[in-house]
Every structure is written in C-alpha cells, then in structure tokens.
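Quick notes on the structure that follows.
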Amino acid sequence: MRLVPFERETIVSSAKAANIIALLKTETKSEASAGKDFAFTGLVCQDSFRVSVNVAKPQNFIPLAEGVVDQTSTGSLIQVKYRLFPSTRFFLVFWCLLTFLLTLIFLGPAKNYLYGCLSLAGCIANYLIALANFDVHLKQTQKALHRVLDKLT
C-alpha cells in the first residue's frame, strides 16, 4: 500500500497520438453530450486528457486520470497521473489535520489520553480507508483505460 493516493503510469502504444485522442473523445462524455454509454467522464484536448471512470452512482475516491499523449517515431507514449479529485483531497487533508490537532490538544494541554488516542485512531483510520478506496478504484480506472486503448490494436 502506498502512503500517498497518487500513481503514475506510462503506456506505450503503436497507434498514432491523433488516433488515441480521437478514440478517447468518442469514449468520453462531457456535460453537453449524454445518452450513449461512455467509458469516461471528463475533458479531452488536442494532446492531453483529464477523465474519470463513468459511474452510475457517485463515488468519492475515484481517481482523476490526467494524461499527455506524445507522438514518437514508432507510435506514441501516454503518460498518465492518477490522483484524487481536488475536493476529495481537500476533505482528506481537512479531516486529517483536524483530528491530528485534536490529538495534540488532548494529549498536551488537556491531558486526556483516552480522547487523544481515540482522535489519533480516527485520523489514521480515515486516512487508511481513503487509501484503500483509492486503490480499489485505481485498478478499475486503469482497467477501463487499458480496455479503451486496446480497441486500437
């Protein structure tokens, strides 16, 4: 298990960068286009993309896949970063800081060791649950991206 909910991946493809971007555009739903079943929700630009897996019900720990497609002489390189959405990162940092500060207050000036330990346990549990959920959704997102890219070969 990693300490930070972040993953980096480089995918080598024999397809041209323009074909990869075109395929990602057809598989990505934006706010304006609805009706078909899409693999992703997000934004695909000329040589980059910022997408997440299309889900039926909201999931807080789905990774945001940010990628850059670079053309090479024999195909293309797709460099992808998987990270939490900014609002989820804010939630995680806020509650971890708050519970850790409560731990310091309870263990320090308040001298209430039971509440200090409970607060620290809550901080650690919150972070570990977030990491575990990120790992589960990361595998799903990677599989979906690879499944879409396999359509080119």
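Quick notes on this structure:
- FRET E, pair Val93, Arg2, Förster distance 25 Å, beta-carbon r, rounded to 0.05: 0.95
- Of all DSSP-defined beta bridges confined to the stretch 1-76, some 85% are antiparallel rather than parallel.
- Rg then Dmax, both in Å and based on the Cα atoms of the stretch 40-153: 19.6, 66.
- Pairs beyond 18 Å (Cα-Cα), from Lys25/Lys57; Lys25/Lys151; Lys16/Lys139; Lys57/Lys151; Lys16/Lys81: Lys25/Lys57; Lys16/Lys139; Lys57/Lys151; Lys16/Lys81
- Charge dipole (the stretch 37-153, unit charges on Cβ, about Cα centre) - positive-most of Ser73, Thr103, Ala39: Thr103
- Here the accessible area of the stretch 5-153 is 63 percent carbon and sulfur, with a 1.4 angstrom probe and all protein chains present.
- Estimated [θ] at 222 nm from DSSP helical runs (n ≥ 4, -39500 (n - 2.57)) normalised by residues in the chain, nearest 500: -16000 deg cm²/dmol
- Over the stretch 2-153, accessible surface divided per residue gives 61 Å², non-protein components excluded, 1.4 Å probe.
- Shape call, the stretch 1-97: gyration tensor on alpha carbons, a/c limit 1.5: oblate
- The magnitude of the dipole of the chain, with charges of +1 and -1 set on the Cβ of Lys/Arg and Asp/Glu and taken from the Cα centre, is near 160 debye.
- Using R0 = 22 Å, the C-beta based FRET efficiency linking Lys81 and Ala56 works out to 0.30.
- In the chain, the longest principal axis of the Cα atoms and the axis of helix 113-149 are about 10 degrees apart.
The values are calculated or read from the model by the stated rules, or taken from the named source; none is laboratory data. Keep in mind that what you see is a predicted model, and the values were worked out from it rather than measured. Positions of Cβ are generated from backbone atoms using ideal geometry, with glycine treated the same way; all protein chains shown enter the neighbour counts. Only protein heavy atoms, including side chains, enter the accessible area calculation; ligands, DNA and RNA are left aside. Shrake-Rupley method; radii C 1.70, N 1.55, O 1.52, S 1.80 Å.
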